[in-house]
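So the structure is just underneath, and the comments pick up after that.
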Amino acid sequence: MTPKSIVPTAIIPRAIVSKVIIPTAIVPKNRAPRINSKGQIEIAFNWIYILIAGAVILLFFVGIVVKQKTVSEQNLATEVVRLLDSIFIAASSADQSKIFLDTQGLKDYTLYFNCEGGVSEYGIKGQGLPLQNEIDPVFAPLEFNTRGLILWSLPYKFPYKVIDFLFLSPQGMKYLLLGSGVSNSLDDFKHNFISAAEDLNPNLRLEVVELNSVSDLNDLAVNSNELLRIVDFDGDIIIENSPIPSQFLNSEVSVVQFKTDGQNKAVYYYKKGKNGNWERLKNFDPVKPVPIVSLDEEDTAKYAAIFSGNDETYWCNMQKALVRLGLVNKVYSLKTEQIINYYEQDNLLEPAKIVNQCRFLLNAQGDQEVNVPSNNINSNNFNQNNFLPGNLNKDLGSIAGSISGCTELKQCADLIMAARRLNSADQLLPDYSCKNLFSS
Amino acid sequence: MTETIAVLFIFFILVVFGIVFYARYHKISSQEKQDQDLVQKAIDITTKVLVLPELECSQGQSEAQKYCLDLTKLRLIEEKGLFQQHLEEYYFNLFSYSTITVYQTYPLGDPDGWTIYNFPKPGGKNKEPTFFIVSLRDDFPKRSYNYGYIKVEVYS
């Protein structure tokens, strides 16, 4: 029988070697301590080996957890932005509505809104993927942290509805309305804005402060880091490179200024300059101001200017509206042809007199002096309302032709004039029992 | 050595089991997420169609009639293929991969309806239809209101 002690150690697993009890009687006395010492070293080595292997495995799982946490945070941020987008779609689809969105959970994150080259981008700064949108005009400050957001939707009409604008106002943002607006023909607009900002629900109420002069502005108490937007209705109260009142230096303040020169309407934006002066933003153009493409009755484009972060984002979102204007205009051009064709048919149900009248109103060549064929039609009415028979198609054509050129005040003024003429013409048609395009 | 190998073997079996379990869970949850996204997309597109200025029943300066489509505009858009003409530069960003059809049910209209936008996803596997009831305003020869529904099919 082979004694245990003479089994070659090379074929015994290392883990077992340390556990083998070797009878001391058959082992030379001088060798016993050496074997014990080797065993002890091996036990220590095994523990180190186990510790290292355990640490590596632990690190591997900790790494997975950390990576997963980062990915989850990024996914959550992306998901939140997608959710915001769905809320924005629903909000802008609800005509003329204000909605409060509780963003308490996002108060530690910075939301940002940008628009360049006709594409909006918004998301949570440094988190997740931003969302890009080429269609919907969203007017909002560039960056903000907030516990709540007011979403305000208004239709942009030119003169027919073109698109819905969505304005975002962070809860707690103050609008300081400066000047009377009388010198700039914006008096009504200012008062309309003040009443529109009011709401029975305090969550939906915009904080508006009326100031009549620069001295009121200088005396105003302001908290540090407060989000402020000064609106200069007179167009000459805020002057480029003039000093900013000292209490505003620690706040997030910016200025939007409306200027009117005859038919030309424009908007300027200012921010805090490095030297403590008002610095005019020139992202849209170094020289030219940003045109306001708005009919007087419909001030949506002016409202949009108040809520926009800067000149570039304002014009970028307005570009989206102008692109859509071209497409909606095509639909109305087709509908005009349809109405004209309808009155060209024989045996219509309407009385012959009305049919003739409508044929004339819709089909006459607009630029010519016209002989009014019916006693029912009062020619003064045409002049008073800037209406020339047969001009519907021409005005729709003028709108289509002026859209691409509307980057300068003059061309935008032509576009506005064409839209006004179209509006007057369309409103008059029902007075003569004729079908109209969009008014009723 | 055998014990170590056995321990490692069981450890790796557990790891592989964990990975397989997680992969299956992840696959199922992302499939559910995709389905949810598709439904949400269908609802978003339907919402957009209902307030589309190209289709809505305008009333001048007043608010447009709710859930009402102008039949004259609808017919013209289908006939001239307006949305298809401007698909790439504009309407794809609005409606993505979808088909939008309007059907008239009272009085009974064309069973094929008016397909105003049609751009199915090439190789798309899923389709989510959404329906919404609308009134249809016809201005010719005299103003009348018909009834129908919009069918928005979204592909993924």
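The values are calculated or read from the model by the stated rules, or taken from the named source; none is laboratory data. All of these numbers come straight from a predicted model, not from anything done at the bench. Positions of Cβ are generated from backbone atoms using ideal geometry, with glycine treated the same way; all protein chains shown enter the neighbour counts.
See the values below:
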| quantity | calculated |
| --- | --- |
| Where B:Asp110 falls short, out of the listed (1) assigned to a strand (DSSP E or B); (2) away from chain A (no Cβ under 11 Å) | (1) |
| Test for B:Phe95: is it within 14 Å of another protein chain (Cβ to nearest Cβ), in contact (Cβ under 8 Å) with a residue 40 or more places away in the chain and out of contact with any strand residue (DSSP E or B) (no Cβ under 9 Å at 6 or more places or on another chain) | no |
| Tally of residues being within 11 Å of chain B (Cβ to nearest Cβ), of a type in the set (D, E, K, R) and within 28 Å of A:Glu198 (Cβ to Cβ) across region A:121-160 | 2 |
| Failed criterion for A:Ile35 (all others in (1) at pLDDT below 90; (2) in a strand (DSSP E or B) hold) | (2) |
| Region B:108-148 - residue that is among the aromatic types (Phe, Trp, Tyr) and within 21 Å of B:Tyr97 (Cβ to Cβ) and, of those, surrounded by the most Cβ atoms within 10 Å (Cβ to Cβ) | B:Tyr117 |
| Scope region A:98-120; condition outside any loop (DSSP other than H, G, I, E, B), within 30 Å of B:Glu89 (Cβ to Cβ) and either within 14 Å of chain B (Cβ to nearest Cβ) or of a type in the set (Val, Ile, Thr) (or both); matching residues | A:Val119, A:Ser120 |
| Residue under evaluation B:Thr99, criteria (1) surrounded by 14 or more Cβ atoms within 10 Å (Cβ to Cβ); (2) of a type outside the set (Asp, Glu); (3) within 30 Å of A:Pro430 (Cα to Cα), criterion not met | (3) |
| Condition met for B:Gln104 (of a type in the set (S, T, N, Q), within 14 Å of chain A (Cβ to nearest Cβ) and assigned to a strand (DSSP E or B)) | no |
| Output for region B:55-82, where each listed residue is at the interface with chain A (Cβ under 9 Å from one of its Cβ atoms) and either under 18 Å from the mean Cα position of the chain (by Cα) or small (Gly, Ala, Ser) (or both) | B:Leu55, B:Ser58, B:Gly60, B:Ser62, B:Ala64 |
| Failed item in (1) among the hydrophobic types (A, V, I, L, M, F, W, C); (2) surrounded by 21 or more Cβ atoms within 10 Å (Cβ to Cβ); (3) part of a loop (DSSP other than H, G, I, E, B), with A:Leu348 passing the rest | (2) |
| Residue match in region A:278-285 (condition: at pLDDT below 95, under 15 Å from A:Val162 (Cβ atoms) and of a type in the set (Asp, Glu)) | no |
| Matching residues, region A:258-290, being assigned to a strand (DSSP E or B), over 20 Å from the mean Cα position of the chain (by Cα) and within 16 Å of A:Leu217 (Cβ to Cβ) | A:Lys272, A:Asn277, A:Trp278 |
| Qualifying positions in region B:19-54 - among the hydrophobic types (A, V, I, L, M, F, W, C), more than 8 Å from chain A (Cβ to nearest Cβ), over 15 Å from A:Leu83 (Cα atoms) and assigned to a helix (DSSP H, G or I) | B:Ile19, B:Val20, B:Phe21, B:Ala23, B:Ile28, B:Val49 |
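A quick yes/no check of all residues on (1) assigned to a loop (DSSP other than H, G, I, E, B); (2) within 23 Å of B:Ser96 (Cα to Cα); (3) of a type in the set (A, V, I, L, M, F, W, C); (4) assigned by TED's automatic domain parsing to the domain that holds A:Glu312:
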position	(1), (2), (3), (4)
A:Ile41	no, no, yes, no
A:Ala55	no, no, yes, no
A:Gln68	no, no, no, no
A:Leu76	no, no, yes, no
A:Glu79	no, yes, no, no
A:Arg82	no, yes, no, no
A:Gly123	no, yes, no, yes
